[in-house]
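Down below is the structure, laid out as C-alpha cells.
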Amino acid sequence: MHPRRAPLLAPSFLAADLANLQAETERLATSAADWLHFDVMDGRFVPNISFGLPVLQAVARYARQPLDVHLMIEDPQNYLAAFRDAGAAGLTVHHEACPHLHRVVQQIKQLGCRAGVALNPATPVSVLVDIAADLDVVLVMSVNPGFGGQAFIPHTLAKIAALKELLLDTGSDALIEVDGGVNADNAGALVQAGADVLVAGNFVFSSPGGPVATLAALRAQLDAADDVPAGRGRQ
C-alpha cells in the first residue's frame, strides 16, 4: 500500500476575479493553497473559451505556488512546450482528446512537467490501465468540463475509489486530483475515497470570508479529520 498523503489544495482561477488576477495571485501567495489551478478551454473540446498563453504567462510572474494547467483543448500536443514556457509546472490533457495518449504523456515528461491525464464523468477509469504507471496525476472531473459553478456528481466518490485500486494494482504513484463542485461538505469524503488534490473554484473565491480564510478553514477541517501531518510540500 502507498503511504497516505495529506491532501493538496488547488484553487481554480476560473472562479477568481478576472479583472484583478495579479492581486488574486499575490493574495494566494501565503495561503493554504499548494497549487494554483489554471483551466484552458478552446471552445471546441468544451463549449466555452477561457484563458490562454498570455494570461498564464502574466499570472506566472506573481505566482508563488506551482501552476497546475488543465488543457481542455483539442490537439494539446501542439501547445505543450508553449504552456511549459509560459509557466506551467504540471500539464494535464484529456484522455478523450488524445488518440495517442502515451506519446503525449511522454512529451510532457520530456518538457520537465508533471504529466496528468483527465477523465470526463462518463469515461471509466479502466481506460488508464495501460498508462497508469507513467502518470504523475489523474484528474477526475466531478462535473462536465467547460463551466464553473456546477453541482458535484455523487458517483465521483465510487470512481475515485476504483481509480485508487487501479493505481495500486498497476504500481502507479500518481496523485488523484478532483475538479468540480468541491466544497467543505464533500472534501472529507473525497479524501477518504482516495483523492490527493482538491480543486475548488466558486467555493474558494465566492465565499463571504474570501479565498485565504476559506482555504485555511478547509485545510484545518481536513487536518482535523485525519492524523496526517499538515503540509505535504508543494510539488
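The values are calculated or read from the model by the stated rules, or taken from the named source; none is laboratory data. If you're wondering where the values come from, they're calculated on a predicted model, not measured in any experiment. Backbone-built Cβ (ideal geometry, glycine too); neighbour counts: all protein chains shown. Protein only, heavy atoms only, side chains kept; ligands, DNA and RNA dropped before computing areas. Shrake-Rupley method; radii C 1.70, N 1.55, O 1.52, S 1.80 Å.
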Identify the residue in the range 106-121 that is aliphatic (A, V, I, L, M) and crowded, with 21+ Cβ neighbours inside 10 Å and, among all such residues, is farthest from L139 (Cα to Cα). I108
Out of curiosity, is D223 surrounded by fewer than 17 Cβ atoms within 10 Å (Cβ to Cβ), touching a Pro at 6+ places or on another chain (Cβ under 9 Å) and among the charged types (D, E, K, R)? yes
Within the range 198-214, restricting attention to residues that are surrounded by 23 or more Cβ atoms within 10 Å (Cβ to Cβ) and touching a Ser or Thr at 6+ places or on another chain (Cβ under 6 Å), which residue is farthest from D179 (Cα to Cα)? T214
Pick from V143, V117: which is β-branched (V, I, T), within 23 Å of L36 (Cβ to Cβ) and not in a loop (DSSP other than H, G, I, E, B)? V117
In the range 134-144, is there at least one residue being modelled with pLDDT of 95 or more, farther than 30 Å from G209 by Cβ and open to solvent by less than 20 Å² (accessible area, probe 1.4 Å)? yes
Please determine whether any residue of the range 174-181 is over 13 Å from the mean Cα position of the chain (by Cα) and open to solvent by 10 Å² or more (accessible area, probe 1.4 Å). no
Could you identify the single residue in A115, A97, A82 that is within 19 Å of V197 (Cβ to Cβ) and hydrophobic (A, V, I, L, M, F, W, C)? A115
Take the conditions at pLDDT below 95, on the phi < 0 side of the Ramachandran plot and not in a helix (DSSP H, G or I) and apply them to D173. Does it pass? no
Exactly one condition in (1) under 30 Å from G87 (Cα atoms); (2) touching a Ser or Thr at 6+ places or on another chain (Cβ under 6 Å); (3) free of Cβ contacts under 8 Å to residues at least 60 places away in the same chain is not met by A174; state its number. (2)
Testing L9 on (1) free of Cβ contacts under 8 Å to residues at least 24 places away in the same chain; (2) closer than 21 Å to N202 by Cα, one condition comes back false. Which one is that? (1)
